[in-house]
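Asks: So that we are looking at the same thing, I have put the structure below in structure tokens.
The values are calculated or read from the model by the stated rules, or taken from the named source; none is laboratory data. The structure displayed is predicted, hence computed values, not measured ones. Here Cβ is always computed from backbone atoms with ideal geometry, including for glycine, and neighbour counts include all displayed protein chains. Note: accessible area is taken over every heavy atom of the protein model, side chains too, but ligands, DNA and RNA are not part of it. Shrake-Rupley method; radii C 1.70, N 1.55, O 1.52, S 1.80 Å.
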Amino acid sequence: MTDRAAGPGRLLVRDLAQLATPSGSGAPLRSPALGEVDVLEDAYLLAEDGLIVEVGRMADLGSVDGEVEEIDGHGMSAIPGLVDCHTHACFAGDRVAEFTLRAGGASYEDLHSAGSGILATVGATRAAGEAGLTEAVRRHRGWMLRSGTTTFEAKSGYGLDRETELASLRAIEQEGGIPTWLGAHAVPPEFDDAGAYLDFAIEDVLPEAARLAEAADVFLERGAFGAGQARRYLEACRDAGLKLRLHGDQFTESGAVPLAIEIGARSVDHLEATGDDGIRALAASDVVGVLLPASALFLARPMPPARALVDAGAAVALATDFNPGSAFCESLPLVCSLACTQLRLTPSEALSACTINAASVLGRADRKGRLAPGYEADIVLLDASDWRYLAYHLGGSVVAAVVQGGRVTWRR
Ligand code: NIG
Ligand code: FE
């Protein structure tokens, strides 16, 4: 190895007990590649100008001259920065009263149809103003960072009027998130029916939302939007240049998987109620199934058929679904624990699902989600000499430090 010239913005993470990264170069990964993780023992990583330039074993590290920030990785392991490809981080207020009612036996769907649930958060979000929403995303993003999330998607969907939807998308962008327009999340109280609301959303909000967001999303579910309405909304969003996502099969199997495939969506998310035909269809498609076990846990609902999806060859990702009602959880390490204990995935499959495959859902798998030369230097240092503590330490604070674009942005 040659010596390197001095230069600004260099970072050397040295003496790592382990460095673990999804193998290969493609994405999204499917079984068996989903479970292939390269683990280097006694490793280092060198970054320059925000990009990874080398990873290797300490024995092969040449002299690094000039200005370089060093991190001592003794006793720690490094994994790629975690990518949360499904959050609802732009909301005001909370739903702790509803949580307490649910703890006493009320069901999430009943609360939703009684006008609390999502619509309660819509009221608080409309009242917050753009500055309040930006502050809320900043706070939530800080929580995510401390759990190792270096890239996050966040949806609007708690405004459901023009001003608040657009303010939400701007707030997400302002705080470094990747904005998704969830214009079809619920029917707001000022509209009599879903069709009339969608007319408004498509005519009055979509033209500007398409400039601010990367993707559009819809809640296809009994009590929210039906398959025909979801198709109309998604086709209009596609024609306006947005990538497509769907919330589907959360409570009932309502045609989300065939629609996602037909319309060329990037992902269909939730899938707790997906049956065998949906599993087979998804496996034969390019659509990524995004699994949200924290949401199933928080609502005490059945887990998605993750093992069957992976074994059938479907591309899957893991995400938190962070939101105030169905998953007040920003921790991807906890989601990895749930993936291993409840979804029957291996730690390696879980790691790939919330790094490279999640980056693929966000159209960024060429630069995020691996620790390899050419990828962005987004790194999580785990306070463990075995990287599998990521999933093993249930609810533990396993993240010791976070690096984004070659800079340390959080340290315990
Ligand atoms: O993904 N299911 C629809 N939307 C969110 C929950 C939103 C809420 O309860 O505030 C979800 O679970
Ligand atoms: Fe969601």
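Asks: So what are the ³J(HN,Hα) numbers for segment 82-89, from phi and the Karplus equation (6.51, -1.76, 1.60; θ = phi - 60°), rounded to whole Hz, Gly and Pro as x?
Replies: 6, 10, 9, 8, 8, 9, 10, 6
Asks: Among 164, 274, 341, determine the one that fluctuates most according to a GNM of the chain built with springs between C-alpha atoms less than 10 Å apart.
Replies: Maximum among the listed residues: 341.
Asks: Pull up all non-local amide H partners of residue 36: gap of 5 or more, or a different chain, and H-to-H distance under 5 Å with H placed in the peptide plane.
Replies: Answer set, sorted by chain and number: 23.
Asks: For segment 1-88, run through the GluC sites (Glu not before Pro) and keep only the ones in DSSP coil with at most 16 other Cβ atoms within 10 Å of their Cβ. Walk me through the numbers on the way to the answer.
Replies: Details: sites: 36, 41, 48, 54, 67, 69, 70; in loops: 36, 67.
Within segment 1-88, the qualifying GluC sites (Glu not before Pro) (loop, at most 16 other Cβ atoms within 10 Å) are 36, 67.
Asks: Let me ask something additional. Mind checking the log10 I(q)/I(0) for the chain at q = 0.14 Å⁻¹? Debye, one equal scatterer per Cα, no solvent, two decimals.
Replies: -1.19
Asks: For every helix of n ≥ 4 consecutive DSSP H residues, a contribution of -39,500 (n - 2.57) applies; sum these over the chain, divide by its total residues, and give [θ] at 222 nm rounded to the nearest 500 deg cm²/dmol.
Replies: Numbers: 15 runs with 139 residues, N = 412.
Result for the chain: -9500 deg cm²/dmol, rounded to the nearest 500.
Asks: Could you please report the charge total around residue 363, scoring K, R as +1 and D, E as -1 over all other residues with beta-carbon less than 11 angstrom from its beta-carbon?
Replies: Numbers: positive: 243, 266, 364, 367, 368; negative: 153, 214, 366.
Taking every Cβ under 11 Å from that of residue 363, the sum is +2.
Asks: Roughly what angle does helix 118-146 make with the longest principal axis of the chain, taking Cα atoms, 0 to 90 degrees, to the nearest 10?
Replies: It is inclined by approximately 10 degrees.
Asks: Measure off, as a whole percent, the carbon and sulfur share of the 1.4 Å-probe accessible area of segment 83-330, all protein chains present. Spell out each step's value before the answer.
Replies: Values: 4300 of 8610 Å².
Taking all protein chains in place, segment 83-330 shows 50 percent carbon and sulfur surface.
Asks: In the chain, with Lys and Arg counted as +1 and Asp and Glu as -1 at Cβ, which of these residues, 187, 265, 88, has the Cα nearest the positive end of the dipole, that is, farthest along it?
Replies: The residue sitting most towards the positive pole is 88.
Asks: How much length is gained on full extension from residue 204 to residue 308, taking 0.36 nm per residue of separation minus their Cα-Cα distance?
Replies: Result: 33.3 nm gained on full extension.
Asks: Going by amide H atoms built from the backbone, whose H comes under 5 Å of the H on residue 71, apart from near neighbours?
Replies: 12, 13, 14
Asks: In whole Hz, what ³J(HN,Hα) sequence does segment 267-278 give by Karplus (6.51, -1.76, 1.60; θ = phi - 60°), x for Gly and Pro?
Replies: Rounded to whole hertz, the list is 8, 10, 10, 4, 6, 4, 9, 6, x, 4, 5, x.
Asks: How large is the accessible surface per residue of the chain, computed with a 1.4 Å probe and reported in Å² as a whole number?
Replies: Values: 15150 Å² over 412 residues.
Per-residue value: 37 Å².
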